[in-house]
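The values are calculated or read from the model by the stated rules, or taken from the named source; none is laboratory data. This is a predicted model, so every value here is computed, not measured. Cβ placement follows ideal geometry from the backbone for every residue including glycine, while neighbour counts extend to all protein chains displayed. Just the protein is used for accessible areas: all its heavy atoms, side chains included, with ligands, DNA and RNA removed. Shrake-Rupley method; radii C 1.70, N 1.55, O 1.52, S 1.80 Å.
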Amino acid sequence: MQSETHETLYGTLADITARIKSALGENDARALIGLAEEHRHVMDSLKGAGLSRDAGLLDRVKETRDQVHEVVAKIHKQRDELGRQLVMFERKKKVSAAYAGNRLTVMSVI
């Protein structure tokens, strides 16, 4: 019975992970927020279920862990890329503001 509970929870976790991966590809922030809540709920349920002593679940656990790590790496990559884009946007904004400010100064001299 305990093995069935763990198997179900790991299956649900794998499904959520696949949906998160898809939502990341679609840049669907609203879906990601809901999926994060589902993920938290499943992780709490796994914690509440305790450790399983069923060696037959080991492959399932490893597979799910690898899927989760893959998605986490993708999230980190997208976060870093977004950070770089924001820095570039701010730099462009400052350059444009500086150019516009200098242009107004030159225009007032003329």
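Looking at the structure I just gave you, is LEU58 more than 16 Å from the chain's Cα centre (by Cα) and touching a residue at least 12 places away in the same chain (Cβ under 8 Å)?
no
How many residues are open to solvent by 100 Å² or more (accessible area, probe 1.4 Å) and among the β-branched types (Val, Ile, Thr) when one looks only at region 29-54?
Here the count works out to 1.
Using beta carbons and a limit of 8 Å, which pairs, at least six apart or on different chains, have the first residue in region 1-28 and within 16 Å of VAL42 (Cβ to Cβ) and open to solvent by less than 50 Å² (accessible area, probe 1.4 Å) and the second one outside any helix (DSSP H, G or I) and of a type in the set (D, E, K, R)?
Close Cβ pairs (under 8 Å, with a partner that is outside any helix (DSSP H, G or I) and of a type in the set (D, E, K, R)) amount to HIS6/ASP54.
With ASP54, ASP59, ASP66, ASP44 as the choices, which residue is farther than 30 Å from GLU81 by Cα and modelled with pLDDT of 95 or more?
ASP44
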